[in-house]
Amino acid sequence: MDQEVVFHLFGLAAMGKRLVSLYESRFNMATLRNLKIKTATCKRILKELHSYEKEVEKEAAKTADMKEKGADPYDLKQQENVLAESRMMVPDCCKRLEAARADLKGTLAGLKESNQQGIEIEEADGIITEVEALFPTEED
């Protein structure tokens, strides 16, 4: 009877180890999925920032051209408002990008602590480096 109890407990222990292993692999998959999402978010916001910067340049050139040609004051005022709105989007985008970068960096740090490796981690590292090159901070 004692031998049956030992086998039974051993069977449960082995099953418990398998469950822990399964949980850890699902946890890592969820974390990698989370990393992919956060990386994509940073890429999207970075692309958005570049788009807004190009828009500001285009609208500034258009405004300067209108001033040079002596455009109607009402039309010039409207164009200046468009330019001002475009300029307001850049700082907003920078704030969102910085928040997304910090979030991605935290998730990446957790994965690196658990010695994870893969293309997702390299891609996230690349995006973080690209964003930090645009916005150098004292803490990094």
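The values are calculated or read from the model by the stated rules, or taken from the named source; none is laboratory data. Just so it is clear, the model here is predicted, and its values are computed rather than measured. Cβ coordinates were reconstructed from backbone atoms using ideal geometry, including for glycine residues, and neighbour counts include every protein chain displayed. Heads up: the accessible areas ignore ligands, DNA and RNA and are worked out on the full protein's heavy atoms, side chains in. Shrake-Rupley method; radii C 1.70, N 1.55, O 1.52, S 1.80 Å.
Quick one: if you stick a label point 7 Å off each Cα along the C-beta vector at Asn115 and Lys62, how many nm between them?
Calculated label separation equals 5.7 nm.
What percentage of the solvent-accessible surface of the stretch 52-129, computed with a 1.4 Å probe over protein heavy atoms, is contributed by carbon and sulfur atoms?
Values: 2650 of 5040 Å².
On the stretch 52-129, the fraction of accessible area on carbon and sulfur atoms equals 53 percent.
Quick one: Kirkwood hydrodynamic radius for the stretch 90-140, alpha-carbon pairs, angstrom, one decimal?
On the way: mean 1/r = 0.0861 Å⁻¹.
Hydrodynamic radius (Kirkwood, Cα only) of the stretch 90-140 equals 11.6 Å.
Tell me which lysines have Cα within less than 17 Å of Lys77's Cα, excluding those fewer than 8 residues away on the same chain?
Within the straight-line cut-off, Lys77 pairs with Lys58, Lys62, Lys67, Lys69.
Round to the nearest 10 and report in Å² the accessible area of Lys43, as given by a 1.4 Å probe over the protein chains' heavy atoms.
Looks like 90 Å² after rounding.
Calculate one ³J(HN,Hα) per residue across the stretch 89-101 by plugging θ = phi - 60° into the Karplus curve 6.51 cos²θ - 1.76 cosθ + 1.60, and present them in order as whole Hz with x for glycine and proline.
Along the stretch 89-101, the couplings run 6, 5, x, 4, 5, 4, 5, 5, 5, 5, 5, 5, 5 Hz.
Could you work out how much longer the chain between Lys95 and Arg44 gets when fully extended? Use 0.36 nm per residue separation minus the Cα distance between them, nm to one decimal.
On the way: separation 51, 0.36 × 51 = 18.36 nm, distance 1.37 nm.
Taking 0.36 nm per residue and subtracting the Cα distance, the gain is 17.0 nm.
Mind checking the full-extension length gain between Glu80 and Glu132? Use 0.36 nm per residue of separation minus the Cα-Cα distance, one decimal, nm.
Value of the extension gain: 15.6 nm.
Just from the alpha-carbon atoms, what are the Rg and Dmax of the stretch 37-106 in angstroms?
My reading of the Cα-based Rg and Dmax gives 15.9, 53 Å.
Explain nothing, just compute: Karplus ³J(HN,Hα) = 6.51 cos²θ - 1.76 cosθ + 1.60, θ = phi - 60°, for every residue of the stretch 74-82 in order, whole Hz, x for Gly and Pro.
Calculated HN-Hα couplings, in order: 5, 4, 5, 4, 4, 5, 5, 5, 4 Hz.
What accessible area per residue, rounded to a whole number of Å², is obtained for the stretch 26-140 using a probe radius of 1.4 Å? Each step should come with its number before you reach the end.
Working: 7670 Å² over 115 residues.
Accessible surface, normalised per residue, equals 67 Å².
Would you mind putting 72-84, 93-105 in packing order, based on average other-beta-carbon counts within 10 Å, highest first? Write down the numbers at each step before the final one.
Details: 72-84: 12.5, 93-105: 17.4.
Answer by packing, highest mean first, reads 93-105, 72-84.
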